[in-house]
There are 6 protein chains.
Amino acid sequence: MIYITRRENFNSAHKLSRPEWSDEKNVEVFGKCANTNWHGHNFNLFVTVKGIPSAETGFVIDLKVLSSIIKENIIEKLDHKNLNLDVDFMKGIMPSTENLAIKIWDELEPLLKVHDCQLHSIRLHETENNSVEYFGQ
Amino acid sequence: MIYITRRENFNSAHKLSRPEWSDEKNVEVFGKCANTNWHGHNFNLFVTVKGIPSAETGFVIDLKVLSSIIKENIIEKLDHKNLNLDVDFMKGIMPSTENLAIKIWDELEPLLKVHDCQLHSIRLHETENNSVEYFGQ
Amino acid sequence: MIYITRRENFNSAHKLSRPEWSDEKNVEVFGKCANTNWHGHNFNLFVTVKGIPSAETGFVIDLKVLSSIIKENIIEKLDHKNLNLDVDFMKGIMPSTENLAIKIWDELEPLLKVHDCQLHSIRLHETENNSVEYFGQ
Amino acid sequence: MIYITRRENFNSAHKLSRPEWSDEKNVEVFGKCANTNWHGHNFNLFVTVKGIPSAETGFVIDLKVLSSIIKENIIEKLDHKNLNLDVDFMKGIMPSTENLAIKIWDELEPLLKVHDCQLHSIRLHETENNSVEYFGQ
Amino acid sequence: MIYITRRENFNSAHKLSRPEWSDEKNVEVFGKCANTNWHGHNFNLFVTVKGIPSAETGFVIDLKVLSSIIKENIIEKLDHKNLNLDVDFMKGIMPSTENLAIKIWDELEPLLKVHDCQLHSIRLHETENNSVEYFGQ
Amino acid sequence: MIYITRRENFNSAHKLSRPEWSDEKNVEVFGKCANTNWHGHNFNLFVTVKGIPSAETGFVIDLKVLSSIIKENIIEKLDHKNLNLDVDFMKGIMPSTENLAIKIWDELEPLLKVHDCQLHSIRLHETENNSVEYFGQ
């Protein structure tokens, strides 16, 4: 079993706030992340899949194929977008890095089953100091 | 003459679009950077000042002082903000990385004259692939 | 279950040597790390905790809280200090990166139990080529 | 149990193609990686071993020893070489990053048993976007 | 005047050797870089142009345009290629990093004159330890 | 004229304090950098030389030669040492990053004149946020 990781990037706006809370409560809980007019990040996404390398190609999965799946299903929807307003699979979800990683997993996991490999983890870096990782439950 | 550089970071939302242009024209000129609902970046700011090291301290400028000047006058105003809407010194200015670097220079240059050093350059990285540098004309 | 990681840094002096050994034996075993007058490093510390994201905030733990816990209990004690002489929880301990990671775990683990999350690992980079990771036994 | 990681680098040429396939088929399967006249990479190799720190030295393994074992047995054979033509342990093996990581494991694993530690994983970065990890089956 | 920099990458094979010299002399002069069967690198290319930001767009040059010019004229010709054998503008030229940077300048400089900006420098990183920069004479 | 840069690293202890000042005054001026028992850093040193590439080799200077000169004359003296106590060319000098860069220039400049190239600059990174550059006055 080999684990293979592809990095892709996206640049998005978001804010952390609950519409049913007052501005004061949102700032109290979320601090500057609650800024009314949004803020944003360069996100680094690391997708790891696992499987047995093919005897013919030496590949667990062709990285061009993996990159295309990620770009078409995730990056196209997140890059240069607003995570609160523009993304179908984030509708009604608080766009914390944790929740974003879980939702990216939910989008990618069924698409990768078709290939002879399995999604192993989603690692998502919001800044050079903050990151999350999700292994699917 | 020694050149000394301090890095600070800020995470902001922005968009590139001219209000007097149609959405179509804005997308034609600015591409996905014109996304109506904003996008964002982790900006890396490198401020370089030059001067003669003090015989007593070996410092051109105390980096704690330089860092405080940058944080109070620049980072406080840009971090977790919207560059089009929230920043006094960017009002009415297209928030391209180029213009942002020039305006940061204009804010910092008079503040650093007070100390025995001079602002040399503002280098601003929007992504790991894109950066600008400004030397004050 | 989501894993969330916070990076903090500290810059410290240390040396590897046993006082009951001769200088020759210390140099034989520890090489240049035994230099009598110390040497030092920029350490990068990655603290990973795991838990379920809150339905309200989307957070496993507020990263500002995690960062404060690490800074008050670890960084304050290690940064710009001598790991052999200045640190209460390293007294009498050989300050190898391995032992330092274990002691940081021992300090942080009880403090994080209070929150709805668990310490998962301490990863400590001494240089860009050398790092250790500890999972609590 | 502590996990300790040493990074080493090597710069090599390779190509992905099967001699029994036509050029067209090789390009169809391997894309630009099949370029007849080779291409190359700066590989980053991360070797992780695990064990109990020595009570005397605080070391799982002396990193100078680990580095020497990797350099003599792996880097000497791969650095500034052609992975398809010049490397004894890659003869007849498709030099995908996956297969290269497996073969590096096979070379290092018996050499590390002699010491009081165990090989835990081989992580190999081909570019900043592509990497693999192998845990020995 | 603002300086704007775009990074692009390419992965290539090369060797340093003069065909009219013996193998011994080539190894004596070029060391392991003379390996008969090639070696390779991940090159990082930084192209800096300078100009006045447009009053309308805030751009010195649209980075999508700059990136396209570099990709079509440089990256397409160098990426996954052999610098000694496959590249028209390197024919008969020793592919040292120095010479490669000069030839990239010679290719790009006339193409950028058409736009309202000027090529300022070509910076080329062969490894994380080795790089060159060329300012056009 | 081509500029070529070699990176080397060293890990050292130091402190900033003037023996003729009281502890209080040293802490007031130098903050935590005055810690009595030292602290330390991983320093990154970038040495840039300039010259014309040789028609035969394509080299401004053989990077193996440049690396050896830096290692023998600078790294050997600074790595795993105390910058206040152990270094001949820093005796009596406040070991600020500024002063250290100037003294490294003074050591290297005469040694590089012998070769067909000139020292252009010394860039020294103390942390990822702080660096200095010196061009020899």
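Bear in mind that the values in this text are calculations on the coordinates, not laboratory data. Not measured: the values here are computed from a predicted model. FYI the Cβ positions are ideal-geometry reconstructions off the backbone, even for glycines, and counts take in every protein chain you see.
Points worth noting:
- Over 21 Å between alpha carbons, listed pairs E:LYS71/E:LYS113; B:LYS64/F:LYS103; D:LYS77/E:LYS15: B:LYS64/F:LYS103
- Computed [θ] at 222 nm, helices only, for chain D once each DSSP H run of length n ≥ 4 contributes -39500 (n - 2.57): -7500 deg cm²/dmol
- Across identical copies of the chain, E:ASN9 has label-point separations of 1.0, 1.4, 1.9, 1.9, 2.2 nm, listed in ascending order, with the point defined 7 angstrom from Cα along Cα→Cβ.
- Kirkwood radius and radius of gyration were both taken over the C-alpha atoms of the stretch C:6-137, and their ratio Rg/Rh is 1.04.
- For the protein assembly as shown, the Cα gyration tensor yields ellipsoid semi-axes of 35, 35, 33 Å (square root of five times each eigenvalue, largest first, whole Å).
- Spatial separation of Cα centroids for the stretch D:48-114 and the stretch F:1-24, in angstrom: 35 Å
- Cleavage-rule hits (trypsin sites (Lys or Arg not before Pro)) in the stretch B:42-118: DSSP loop, at most 11 neighbouring Cβ within 10 angstrom: B:LYS91
- Restricting the stretch B:7-36 to GluC sites (Glu not before Pro) in coil, as DSSP defines it, with at most 11 other Cβ within 10 Å: B:GLU20
- Contact order normalised by residue count of chain D, Cα under 8 Å, 6+ apart, percent: 30 percent
- Seen against the Cα atoms of chain F and their longest principal axis, helix F:97-113 is set at about 30 degrees.
- For the C-to-B rotation axis, chain C residue with nearest beta carbon and its distance in angstrom: C:ASN9, 7
- Listed by chain and number, the aspartates and glutamates whose alpha-carbon sits under 14 Å from that of E:LYS81, ignoring those within fewer than 8 places in the same chain, form an empty set.
- In nanometres and ascending order, the distances from the F:ASP116 label point to those of the other copies are 4.4, 4.4, 5.6, 5.7, 7.1 (point 7 Å from Cα along Cα→Cβ).
- Peptide A:51-57 - average C-beta neighbours from other chains (10 Å radius): 4
- Teacher prompt: F:ILE52 distances to equivalent labels in other copies, 7 Å Cα→Cβ, nm: 3.7, 3.7, 6.3, 6.7, 7.4
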